[in-house]
Amino acid sequence: MSILLKDVRRALRALVAAPAFTIAAVLSLAIGIGANTAIFSIVDGLLLRPLPYANPERLVILWNRSPGLNITEDWFSTAQYFDIRNGHHGFEQLAIAIGGNYNLTGSGEPERVGTIRVSSSLLQMLGEKAALGRLFVPDEDQPGRTATAILSYGTWARRFGSDPGVLGRKIILNGVPCEIVGVMPRSFSLPREVMPTLDGAEQAEILLPLPLAADASTNRDHEDYNIVGKLKPGVSVSQAQAEMDTLTARLRRQFPEVYPPNGGLTFGIVPLLEQVVGNVRRILYLLLGAVGFVLVIACVNLANLQLSRGIARQKEIAVRSALGATRMRIVRLLLTESVLLAFAGGVAGIALAFLALRAVRLLGPQSVPRVHDVGIGLAALAFTFVVCILSSVLFGLAPALRASRVDVQAALQDTSRTSSGVSAVWGHGNNLRRSLVIAEIALCAMMLIGAGLLIHSFVRARDVNPGFDPRNVLTLELTLTGERYNNKDAILAAYHDLWQRLENLPGVTSAGAVTSLPLSQMFAWGPITVEGRVPQPGEKFINADVRVISGHYLQAMKIPLREGRFFNDDDIAGKPRVAIVDEYMAQQLWPGQDPIGKRLHIGGIGETTSPWITVVGVVGQVKQYTLDSDSRIAYYLPQTQYVTRAMNVAMRCSSSPVALAGAVKQQIHELNPDLPLYNMSTMQERFGNSLARRRFTMLVLGIFAAISLGLAVIGIYGLIAYLVGQGGREVGIRLALGATRANIIALIVRGGMTLALWGVAIGIGGALVVTRLMRSLLFGVGVTDVATFVTVPTLLACVAFVASYFPARRASRIDPNISLRCE
């Protein structure tokens, strides 16, 4: 221990004596270690840390899938819930839920809250207990019971000031009084990632019981429910899925008119953690690999610095050897310095990681799940400790072994430089240093190519035509509830009044609404039958997106009219039903024909109660889900014939829509002071949010690539500068023998460019392998995109030229007389 302490003191003195080297080393390591710690903390928080429920590894969510109908994730009917509950034996517990947004009134300002109705088994299955009051009981699963509610901790604190006497009080939800029977603990959360039917809400703020009607076990309509289950101990997801496949095969045989053969109905079972994380997993693994590259490049640079420093310390090491220090003793001393540098870089890196995580929480995309819970915990600190140890070995061991092989006699006589100058610079010496520079250039090339592909993908996605004009459009969500709107006429009259109010505002050119706003994670689809169409074998219906619109919505969004007309004042109840289809639907269902006048009805073949709907217009196709995915065929129905309470309002303005927000709120308040408006934002904000994950990944990887490029530049410049400094005698000889300054510059730059080209060649080979793992993150760009694979090598070649040129120019100015005399 005393020897170790002596080594630590000597190492500290040596580092203090070389402040420039120490500061550069600590900063390089801080960047590399800090980036790794930050990304690992995110990976730990999102992927490694279990969900905050009891037995989270056994929790799963179910999805209703019909790949033949292009349905990969749909919800369930109540009959399907009973099919699974009664026909599947792999679940210990099963729960059903349906989410939504409700108007909360009756105490304080009206507001829109995320609300979810759940069967009594859900909270028990998650292992939850009430902080105040009770949870739901099985009796509340039956219809006819008193309406009750459980508040989230946040809603209790915000709305009721954490009043413990809140139990028994009434709240008004969509005009219905509900008795508060419980408050959930602060630690409880039920986000949309866990319960996807929370359409438009991030969290469940109020929970309600879900009484099922007497015919629920036979009702196969309205597939609006989420199903969550807990597997029995010892039952794997694959085993449960195999039994589920047997169950759905039976359902297809039993109900062919509901689940046609061409649909391929199956119920998928997905671990709940995988559902929550989604496709963020691939992004995080990509970033984790990228920061690993950054750390390796930083360590390579430090190894080169250590090698240079070892040359400068040859006389010191020779003296220690002459005084009896063994080679192992010298290696241990030099490694001690590396460990101290690594831990100093680790401490600074944790500080940088803390700042980086704070920036991610503030600036990162809101679509990243659990991001606000990410922090630097014990696992991250342990990871940082391991990284410090490994990095100290990575950048310290080879230089220490190299420095310990000193020629004591030559070093003490100060002849080592002159004896080896030429071969060390232009011959076969310094192979280790050259190999390290080639390695960091190769890693840098791989990083830059990956970042370039993401940047190219982002530009392609950003430039996609969404089918509408998002500029100068203000949007908000509105739901008419309560006794005031207890019939269809009252609802239609209120919306008609609203459109007049909004369009009379100065600066508003058109206003309307739609049930499913583009790029807002809203969607609705259902079966349709086309008149005169011969169905494919096994086909019972076609699936299509349906959107109910009101006012001048299509004009407000500037969705172009291709044929026919928009809806007008004659399209009302009692008149023939009409629809507008998008051009994709027209092409698919009536290729080469005029779709105007064609008819369809809602429901499958054989449905006789649904009225025929006549197509009166064709509009452009809209990117409904994301900018980088195609939507289904879609059609629009007028609200005047299909009355809906909840609508997404859209207003086109002649100037900045943000300036009209106050006036819009005032008009809605005058219409009804108890109406909460929510999710007000511009369409451009929604457009930007749809690219948030892609932009975030691109920016983070781009930053890491830029850091790698900077470190590579430092590596090339440092190596060339060192070689020039060591080879002053050779340069002097060449100049004395008649070489021009241009010859010297060309010679040195050629050496630097050779290293760069070797590194780029290896990096391109590595990128051809690594970028295939990024395939799912790319849009409109191939993994071997020619533009990227040409631009990156060209950039690196230019950077290598600049990094080599300045040391070369300095070398060309050496005075041969002074150089040879000094040598």
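The values are calculated or read from the model by the stated rules, or taken from the named source; none is laboratory data. What you see is a predicted model, and the numbers here were worked out from it, not measured in a lab. Cβ sites come from the backbone with ideal geometry, for glycine too, and all protein chains shown count toward neighbours. Please note that ligands, DNA and RNA were not included when accessible areas were found on the heavy atoms of the full protein model with its side chains. Shrake-Rupley method; radii C 1.70, N 1.55, O 1.52, S 1.80 Å.
The relative contact order of the range 486-635, computed from alpha carbon pairs under 8 Å that lie at least 6 residues apart in sequence, is 29 percent. Around the Cα centre of the range 477-524, unit charges on the Cβ atoms of Lys, Arg, Asp and Glu (plus for the first two, minus for the last two) sum to a dipole of about 20 debye. Ranking TYR717, TYR495 from most to least accessible surface, computed with a 1.4 Å probe over the protein chains only, gives TYR717, TYR495. Distance between the 7 Å Cα→Cβ label points at VAL347 and SER655: 5.6 nm.
The listed residues ILE762, ILE720 rank as ILE762, ILE720 when sorted by accessible area, largest first, using a 1.4 Å probe.
Label the range 455-510 by shape, choosing from rounded, prolate and oblate, from the square roots a ≥ b ≥ c of the eigenvalues of the Cα gyration tensor; if a/c is under 1.5 it is rounded, and otherwise prolate applies when a/b is larger than b/c, oblate when it is not. Cα axes put the range 455-510 in the prolate bin. The accessible area of CYS798, taken with all protein chains in place and a 1.4 Å probe, comes to roughly 80 Å². Return the tail of the calculated pair distribution for the range 536-670, meaning the percent of Cα-Cα pairs more than 22 Å apart. Considering the range 536-670, 45 percent of its Cα-Cα pairs are separated by more than 22 Å. So if I take the centroid of the Cα atoms in the range 670-711 and the same for the range 334-350, what is the distance between those two points in Å? Their Cα centres are 37 Å away from one another. For the chain, the longest principal axis of the alpha carbon atoms and the long axis of helix 19-43 meet at an angle near 20°.
In the chain, a dipole from Cβ-located charges (positive for Lys and Arg, negative for Asp and Glu) runs towards its positive end, and of VAL258, LEU719, SER776 it is LEU719 whose Cα lies farthest in that direction. Does the range 192-241 come out rounded, prolate or oblate, given a ≥ b ≥ c as the square roots of the eigenvalues of its C-alpha gyration tensor, rounded meaning a/c under 1.5 and, failing that, prolate meaning a/b above b/c? Taking the square roots of the gyration eigenvalues as a ≥ b ≥ c, the range 192-241 is oblate. Figure note: TRP63, TRP612, TRP525 ranked by solvent-accessible area, largest first, 1.4 Å probe, ligands and nucleic acids not counted: TRP612, TRP525, TRP63.
Under conditions of 10 °C and 1.306 mPa s, the range 599-653 yields 111 µm² s⁻¹ as its translational diffusion coefficient, taking Rh as the Kirkwood radius over Cα pairs in the Stokes-Einstein equation.
Take every Cα pair under 8 Å whose residues are at least 6 apart in sequence, average their separation, divide by the length of the chain, and the relative contact order is 17 percent.
In the chain, the DSSP-assigned H stretches of four residues or longer account for a calculated mean residue ellipticity at 222 nm of -16000 deg cm²/dmol, using -39500 (n - 2.57) per stretch and the full residue count as denominator. Separation of the range 582-597 and the range 479-494, taken as the distance between their Cα centroids, equals 35 angstrom. Rolled with a 1.4 Å probe across the full set of protein chains, the surface gives LYS558 an accessible area near 110 Å². Each of ASN568, PRO595, PRO56 was scored by the projection of its Cα onto the charge dipole of the chain, and the greatest displacement toward the positive side belongs to PRO56; charges sit on the C-beta of Lys, Arg, Asp and Glu.
Altogether, the Stokes-Einstein calculation at 25 °C and 0.890 mPa s, with the Kirkwood radius of the chain over Cα pairs as Rh, returns a diffusion coefficient of 78 µm²/s.
Dipole magnitude for the chain: about 4140 debye, using +1 per Lys or Arg Cβ and -1 per Asp or Glu Cβ, origin at the Cα centre.
Overall size of the range 58-103 from C-alpha positions, given as principal axis extents largest first: 36, 34, 22 Å. Extending 7 Å from the Cα toward the beta-carbon at both THR784 and GLN684 defines two label points whose distance is 4.1 nm. Indicate the gyration tensor shape class of the range 242-288 (rounded, prolate or oblate), computed on the Cα atoms with a ≥ b ≥ c the square roots of the eigenvalues: a/c under 1.5 is rounded; otherwise a/b larger than b/c is prolate and the rest oblate. Because a/c hits 1.5 or more and a/b exceeds b/c, the range 242-288 counts as prolate. A 1.4 Å probe run over the chain, with the rest of the protein chains in place, finds 44 Å² accessible per residue.
The stretch between ALA761 and LYS558, if pulled fully straight at 0.36 nm per residue, gains 68.2 nm over its current Cα-Cα span. Here the range 1-159 is assigned +1 on the Cβ of each Lys and Arg and -1 on the Cβ of each Asp and Glu. Its dipole about the Cα centre then comes out at about 880 debye. Of the solvent-accessible surface of the chain, computed with a 1.4 Å probe and all protein chains present, 59% belongs to carbon and sulfur.
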